[in-house]
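In what follows, a structure is listed as structure tokens, so that the remarks can point back to it.
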Amino acid sequence: MTFQPETFSMPSFLRFLCLCLGLIMALVSAPVAIAGTVATAVIPVAVTGQGAPFTIKQDTSMGVEISFDMSAVPPGVRLTSAVLRLVPTSAGQGAQFVRIFKKGETGTSIGGLNVPVTPTPTESTGDGLLNVLADRPASLDLVLTTDSVRSERSYFSYADSSSTNRPRLIVTWADNSPKMTRVGTQLRYRGSPDDATPWAYNAPEGAVLSVLFPSGGAQANILTGPAFVGDLVVFIAKGSDGPKLYGMRPSGSVAWTYPSDGTALDDITWKYLRLDDQGRLMAFANTGSVTVFSGFGPRGPATAVTKSVPEMNVSKRPVISAGGLVVFRKNQSSDAEPGNYIYALTPFPNLTTLWRSPANVGKSTAPVLSPRLGQQLVYVMGEDQSAGLSIFDNTTGVQPVPIGFPAGSDLDKFNSFHPPLALVADPTADTPKDWVYLSGFAPGNGTLDGFTDLDKPGSPGRWNAAQTGEVSRCMSPPPADGAEPVVYCVQAQQFRAYSYQSGKMICASDDAAGPVSATSNLVADGNGNLVFWQEDAGPSGVLRGFSPTCEAVFMAPLDGLPAKNDGIEVLELRAGPDGAVYAYSGSEVFALRVTQGAAAPTELTANTQYAVQGDMTLASLTAPADGAVALHAEGVLALGDLTVPAGAAVVCSGRKGLSLGANFSLEVGATLACGLNTTTAKPAP
Amino acid sequence: MAEDALKIKLASEEVRLGSAATSAVTIDITNTAAGAVTQVLYLLIPESFVDADHVSAIKFGPATLTPVPVADAPDGMTKYQLGATRGVVFDHDQTITLDLLNITARTEGPQTLQLLWGTRGQELKSTDITVTVLGADDVPRIVSFEAKNSVVNYSGKPPVELSWETSADSVVSLFRFDKQLLPIDGKRSAPTHERDYQDKTYYVPGLYPYRLEVTAKGKTISRTIFVRIQEAGWNRIDCDQGAPMNILSDGGNRLYGVFNSFWGSAIYPLEPAAGSMGTQNEMCKDGNVPEVMAKSPAAFFKGRVVLIGGSQVDASVFSNQVHAYDPKEERWEDLSENVPWSARMGHAITAYDGRLWVSGGVDANGNTLSDVYSTQDGKTWQKATDLPQPMCFHSLQGCAVNDPASGQSTAKLWLYGGLNSPLGQPYTSMWSALPGQTWTEMEFYISTNKTSPDPGFGAPFGAALATTLDDSGGTSLHVIATYQLGNADLSSGMYSLQGTGPANLVKNGDALNSSSMWKVQKSTSSLALPFQLCAATFNSDTFNYIFVQSILSDLATETLTFHVT
């Protein structure tokens, strides 16, 4: 193989050569960028009084010292605000005005706290804290003083048993990251949502199922569902050599395992994986700990840090905000141990309790984060009619409105609820707001209603009328620029699309589609097609695909996915970075790939996946220079005289073989990653 | 998410063809739910009653709405939104009054208005309100209803003298508030023609509505006038507009008030010479104050109400914006561009010597300021000599000093009170300076004992300065302040010091003489709270008024406090 300055050619004798080339990584910015603000909060590591309530009063010569570890705020981001929040322990004799000084610089204050007589949480004013943090110090040491007369006030410190009361520094920064990113041959939406992939499925017509892990009929226990790190599918599984973190290529080969030194991870109750925005992988274990893997390279994570989080006992997957705050619902494990509370942890490396819901929220759905970057809210829906909807400010735990069902809805007539679906109504508005969709269901019955301004006092805006009928967990794909979002659901045995603001039904599947139900979440591709699992159709279930206009585009019988009675109430589908959709059971990790008809493509479109169930032979095509292309064949993939120009990225695999033409060319600045697919195919029933 | 429950009652009506000035309908809307509710409200008016072009004023709560119809009205109706799109918050048991004023009715006979109300996003309830349009000569009729003096001095408790004339063969009733004054002694009706009814049964000073109800042929109409009973010294009356944030004199016959209410903040004209004090009047057209300026200090400067910077009282609201409202042009101008001074609160401003002055305050980082700026045009600011020390919550006022010997008058700025930080240590000194120049500390003399610079009451926690013209044409500078009295509670009282004239203020080192003494007056407004004060003066033909308002961040009271001499 000889590289020429601009191109290289592949002689014909190299046909059927397995290629795993990552020749030149092209980092391509996304086509769409949405600015926003990310918020996070840290609690002090030291305060005068060593954790006991501290007093601020006039004539305290030294003032109160309070220090923060600022390593939780990622480097390189542009900070936009920083405020100190204190909570008085009780009402005071008078109000108090507290001045904030940088330790050692008591000439000019850098912030003020106007604390009322009532014990109201108070946030500082001014830009002095922000200016001090502009230099990105590793720690921030402050001194608090007051000149207020007759107003000696006491404040909660970091050791207070009520975490919501603890002082905190709330920091925000600008997030100008694009909505979609391409790293090498991988496409991801910002935040790596599980239910949407930027890859567009070319002419979807069917689907194939394979087992990614374990291979060759080996036995394993899958301890966590998959997450996606770079172009790898990552999960924790326990084989004969104990629990390990696996990094697997979508083609089926193991890239690395961790630990790699012959040891294993602790044999504990690993539950869930989540990747944060800083590329760290958090593994949540129900033994009261969180292990954070970071520094991923060709041999896996460089470091793994385990933090004790005694409250970590979860049966719903925690979420991580863009600012690194971890939000989860703690299970009620025993009468003696409180549970069913919503918790938030400060960002790594601290992972200490930032707040806890003031009340038990009962059995509830997983917490859902507002997609609004500027104001991060947490929505949690009670599942047992004891609570209703809870809304929390992510940085403070404050509930802006009382817990409950929105007045006038029929939600309180149901015992089962899906997690709320939240979307940004108008991301370009000066003050964007959420639309939140709440759904309750029972066999043969259900209600779905849309609300806005739920976090504000007074009556929320809402759909003109609720939609009735048994309903699935709905989803709304990221809309194209300028387009309005659409809410998709399976309801009343139809696949339906609803106007996000009015709730008016835009379209519904017709009778030819037959009765439709969803035994999984809905996953959207880059064209807005929706796929989901319907267990009660076909001999052992079908993967269904619908267009954005509610036309049934395929119904693929598949065999081998776990049934509800396997202990999985609803199958979780997660969109991988390579265009495949992943699922898991207690013993296997599955890959589902949506396929087109037998015809090979005659041209290649950016950010599109071309997959066939047999062979695929390309003519002399040129990959688009402005995007990525994925090519997959369950038979032989013949790339022929494909030209991969600079800027283009191609990922490809063939289950039975891979070939190149004599005039295949790969220009400098292009990316190619190809290999044989070694996953274990599951034959159609 | 409480249940909504509004009770809607037609409180009074008098609508007559060709009598727009006296045609009015009043509807009381009361929240009877257990707690506060937020309700959206729409008013539907039949076009056969008043067409969209002839609705003069819809007054809902303290605000008079610009009657702009909204869409989706049924055929033959005009629809108006009452309050914000999100709805109006009704506290428990709160009544908000809806007034239709200056009605130009189109046809005689009964007309049914509709009030749509309910929770936003849900189906609204509908309440019909039927009023009757009388013909020009129909009975019942109120020909006249007047008070001889709409402002009555409480001293000696003189009667309120009322006269009226109604249609003959009518049943007439007179009420003060809801107390029926006439008829009495089992009579069916008060006189239909009364020239000198005297009410002596009021007990305390205040603002009294007198309502005359007239019934004939099964139809009742009513009309209300206001009489203010005031006493020499301090008075307090309720006002519909909300909590006063600023009271400003235009230097002539007008006062303007900036009031905060559930509607937000707005400018209203006040008429101290009228019985109602203007508290029933509508707000200045388009007089809604920008939200961020709701508690900002204001000055009347070159024909405009100018709001400057952040809050007077709330140490969480900082701004360096400047907005001016012209009552004649009825429009706002944003003068914030090129303001050189930093965002602040707790600053003091005044208009004097052809300039607008801003001084001190606290910046958002908690630093107390000492800078002083002035402008002649409201747009271009010049830096002046700093205050003698960083201070906030102080009072700044201009008042000329007369030299009795030469007869010359010298413009001076006066500075009193203030704190070293919000809620901090009070300053006790008074300072004066030639405008923009160096400040000189004054000294108080009480009797023959020099108590400089403390006038003897303790530290002022809120202070205002005001000037009045005395009978001889001279100017008096008044110091109105709240003091901490020893170890007593801060809210124990409000006191005023009244100087006999700025010329007689003595400077440090001057010889003491009797003309330099200050008269000390104790306020009767014992409920005044020790916080930032604002003051304005108004001279009518009969009385001299000093309006003083405690401006509170979260304890605002919807009353006007004024001193009468």
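Each of B:W117, A:W199 was scored by other Cβ atoms within 10 Å of its Cβ. Arranged with the fewest first, they read B:W117, A:W199. Determine the distance separating the Cα centre of the stretch A:567-645 from the Cα centre of the stretch A:105-123; give it in Å without decimals. Spelled out, the Cα-based centre of one part sits 57 Å from the other. Simple point charges give the picture: +1 on the Cβ of Lys and Arg, -1 on the Cβ of Asp and Glu, and for chain A a dipole about the Cα centre of about 900 debye.
Restricting the GluC sites (Glu not before Pro) of the stretch B:90-160 to loop positions (DSSP other than H, G, I, E, B) with no more than 10 neighbouring Cβ atoms within 10 Å leaves B:E123.
Residues whose amide H falls under 5 Å from that of A:S459, counting only those 5 or more places apart or on a different chain, are B:R120, with hydrogens built in the peptide plane. Legend: calculated FRET efficiency, A:T468 to B:Q94, from the Cβ-Cβ distance at R0 = 56 Å, rounded to 0.05, equals 0.90. Projecting the Cα atoms of A:V211, A:G191, A:S289 onto the charge dipole of the stretch A:157-312, computed from C-beta unit charges around the Cα centre, puts A:G191 farthest toward the positive end. If R0 is taken as 56 Å, the Cβ-Cβ distance between B:S409 and A:A46 corresponds to a FRET efficiency of 0.35. Seen from A:Q219, the other residues with C-beta closer than 13 Å to its C-beta sum to a net charge of -1, counting Lys and Arg as +1 and Asp and Glu as -1.
Simple rule: put +1 on each Lys or Arg Cβ and -1 on each Asp or Glu Cβ in the stretch B:6-133, find the dipole, and look at B:Q94, B:L41, B:P110; the Cα lying farthest toward the positive end is B:Q94. Pairs from the list B:K9/B:K187; B:K7/B:K125; A:K564/A:K682 with a Cα-Cα gap above 21 Å: B:K9/B:K187.
A straight Cα-to-Cα reach below 19 Å connects A:K244 with the lysines A:K271, A:K307, residues fewer than 8 places away in its own chain not being considered. Setting aside same-chain residues fewer than 8 positions from B:K295, which aspartates and glutamates have a Cα under 19 Å from its Cα? Straight-line reach from B:K295, under 19 Å: B:D240, B:D286, B:D314, B:D326, B:E333, B:D334, B:D363, B:D554, B:E558. Put in line by how crowded their Cβ is, counting other Cβ atoms within 10 Å and starting with the fewest, B:E330, B:E213, B:E47, B:E194 read B:E330, B:E47, B:E194, B:E213.
Peptide A:451-462 shows a mean partner chain C-beta count of 4 within 10 Å per residue C-beta. Exposure proxy ranking for A:C489, A:C550, B:C239, based on other Cβ atoms within 10 angstrom of each Cβ and starting from the fewest, stands as A:C550, B:C239, A:C489.
Site pair A:A138 and A:A646 shows an inter-label distance of 4.2 nm when each label is modelled 7 Å from Cα along Cα→Cβ.
Here the stretch B:214-228 is scanned for amide nitrogen atoms under 19 Å from the site 7 Å beyond the Cα of B:L10 along Cα-to-Cβ, giving B:214-224.
Between B:K219 and B:T380, residue separation times 0.36 nm minus the direct Cα-Cα distance comes to 51.8 nm. Selection among A:W463, A:G528, A:P478 by position relative to the dipole of the stretch A:463-540 gives A:W463 as farthest towards the positive end (Cβ unit charges, Cα centre). Each part gets one Cα centre, and for the stretch A:522-552 versus the stretch A:149-176 those centres are 48 Å apart. Within 10 Å of the Cβ of each residue in A:95-102, the mean number of Cβ atoms contributed by other protein chains is 4.
Summarising the amide proton neighbourhood of A:L666: residues at separation of 5 or more, or on other chains, whose placed amide H is nearer than 5 Å comprise A:F8, A:V644. Sites count as exposed loop sites when they are GluC sites (Glu not before Pro), lie in a DSSP loop, and have at most 14 other Cβ atoms within 10 angstrom; the longest stretch of chain A without one is A:7-568. The stretch A:244-292 and the stretch B:226-305 have Cα centres lying 68 Å from one another.
If you take all other residues with their beta carbon under 14 Å from the beta carbon of A:G482, and give Lys and Arg +1 and Asp and Glu -1, the sum is -2. Here the stretch B:6-133 is assigned +1 on the Cβ of each Lys and Arg and -1 on the Cβ of each Asp and Glu. Its dipole about the Cα centre then comes out at about 260 debye. For the protein assembly as shown, a crude dipole built from +1 on the beta carbon of Lys and Arg and -1 on the beta carbon of Asp and Glu, taken about the Cα centre, is about 1600 debye to the nearest 20.
Amide H contacts under 5 Å for A:S157: A:F54, restricted to partners 5 or more places along the chain or on a different chain, H placed in the peptide plane at 1.01 Å from N. Give the aspartates and glutamates reachable from B:K157 as a straight Cα distance under 12 Å; neighbours fewer than 8 places away on the same chain don't count. Answer for B:K157, where 12 Å is the Cα cut-off: B:D199, B:E231, listed by chain and number.
Computed from the coordinates by the stated procedures, all read-outs in this text should not be read as laboratory data. Predicted, not measured: the structure shown is a model, and the values here were computed from it. So basically every Cβ, Gly included, is an ideal-geometry build from the backbone, and we count neighbours across all protein chains shown.
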